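Right, one structure below, let's go through it.
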Amino acid sequence: MNAWENLGQDRVVAQLRGAIARGRLPHALLFSGPPGAPLVDTAQVLAMALSCQTARGEGCGACVACHKIAAGIHPDVVTLVREGAAQIVPIESVRTQVIARLGLPPHEGEVRMFIVEEATAMAPPAANALLKTLEEPPPRTMFVLCTTAPEQLLPTIRSRCQRVRFGGGPAVGAGGGDASAVARAERVAALGDELAADTHDPTLPSRIAEGKGDAAPVLVAAARSLHVRARDAAVANDPGSARRASARAQTILSWHTAVAVHNANPVLAIDALIAQLAELPPARSP
Ligand SMILES: [Zn+2]
C-alpha cells in the first residue's frame with residue numbers, strides 16, 4: 001500500500017506525485033479547497049512521501065518515519081494550529097516553531113516541512129514574519145499552507161506559493177455535466193490566478209470566470225507583463241524563461257484578437273485559451 005490511497009483526491013494526488021517524480025516540487029504550496037477537503041491530511045501524506053524510509057516518493061504508511069508523521073510527533077514535520085479564544089495562529093508560533101528552526105538542518109529526514117492548518121488564521125504579524133522565509137527558504141525546507149478561503153490571504157503570501165486546488169470530495173467527478181462544469185471552473189480559476197499574479201489584479205479570476213468582455217483589457221495587460229518578463233529574462237541570459245513567457249503572451253494575444261476583432265464568443269474563447277495555456281509550460285519557474 002502507499003499513503004496516497006484513500007485521500008479521494010485523484011487529481012491533486014496525481015499532481016503532487018508527478019511533481020515529486022520530476023523533482024519539481026515547489027518549496028511553498030497553497031492547498032485550497034472547500035470545508036472538509038483533506039488539506040492537512042494530504043500535506044501529511046506529502047511529508048510521508050518525502051521522508052519515508054522504505055518507499056521514497058510514495059510513503060509506506062508503516063515505517064518509523066511514516067508512523068511519526070501520522071502521529072504528529074515527527075521532529076521535521078511541524079503543524080501550526082489555531083490557538084486560544086480567537087482561534088488564530090499567533091506570531092509566537094511562527095517565531096518559535098518556524099523561524100527558530102530554520103538555521104538547523106532537518107533532524108531525521110530529507111526535508112523539513114511546515115504545515116499551516118488554516119493560513120487565513122495567521123494574524124498579520126505572523127503572516128508577515130513568514131513572508132520573507134517563503135520568499136527565500138533555506139534548503140530542504142517546505143511550506144504547505146492550507147486554507148478554505150484563499151481569497152482572504154495576503155496577495156503577497158498567495159503569490160509566493162504554488163496553488164493546489166482540492167475538489168469537494170466524492171461529489172466532484174461523479175456526475176456528468178456537473179463534473180465538467182466544476183472542472184472548467186477550476187481551470188478557469190487557475191488561469192485567473194496565474195494571470196492575476198502577472199497583472200496584480202485580484203478581481204481578474206471572477207471577471208474571466210463570468211466571461212465578461214471587460215476581461216479583455218486585463219488579458220492584454222497580462223500579455224504585456226509577460227512580454228516584459230520575456231525581455232528581462234532575455235537580458236538576464238535566461239532564454240528558457242524568455243521563451244516560455246513569450247509563448248504565453250502570444251497565446252493570450254491570439255485570444256484577444258479572436259474576441260475583439262473576429263467577435264468570438266468570449267466564454268467559448270476562454271475555454272480555448274485555457275486549453276492552449278494548459279499545454280504550455282508555466283512562465284514562472286517553479
Ligand atoms: Zn514509510
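The values are calculated or read from the model by the stated rules, or taken from the named source; none is laboratory data. It should be emphasised that the depicted structure is a prediction, and the values quoted were computed from it without experimental measurement. Don't worry about glycine lacking a Cβ; one is built from the backbone with ideal geometry, like all the others, and counts go over all protein chains shown.
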Is it fair to say Leu39 is more than 14 Å from the ligand (Cβ to nearest atom), in contact (Cβ under 8 Å) with a residue 60 or more places away in the chain and either outside the structural domain of Glu118 (by TED's automatic domain parsing) or under 21 Å from Arg163 (Cβ atoms) (or both)?
yes
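Okay, residues lined up against (1) within 22 Å of Thr156 (Cα to Cα); (2) surrounded by fewer than 14 Cβ atoms within 10 Å (Cβ to Cβ):
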| position | (1), (2) |
| --- | --- |
| His74 | no, no |
| Gly84 | no, yes |
| Glu92 | yes, yes |
| Arg101 | no, no |
| Glu110 | no, yes |
| Met122 | yes, no |
Just a yes or no: is a residue in the range 59-71 crowded, with 19+ Cβ neighbours inside 10 Å, in the same structural domain as Phe31 (by TED's automatic domain parsing) and touching a residue at least 60 places away in the same chain (Cβ under 8 Å)?
yes
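Among the residues of the range 52-102 satisfying the criterion of being basic (Lys, Arg) and away from the ligand (no atom under 11 Å from the Cβ), which is nearest to Arg17 (Cα to Cα)? Write out each step before concluding.
Going residue by residue through the range 52-102, those that are basic (Lys, Arg) are 56, 68, 82, 95, 101.
This time we only want the ones that are away from the ligand (no atom under 11 Å from the Cβ), so: 82, 95, 101.
Values: Arg82: 29, Arg95: 31, Arg101: 27 Å.
Residue satisfying both the conditions and the ranking: Arg101.
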First in the range 1-24 and free of Cβ contacts under 8 Å to residues at least 40 places away in the same chain, second anywhere and within 16 Å of the ligand (Cβ to nearest atom) and of a type in the set (Gly, Ala, Ser), Cβ under 7 Å, 6 or more apart:
Ile20/Ala49; Ile20/Gly57; Ala21/Gly57
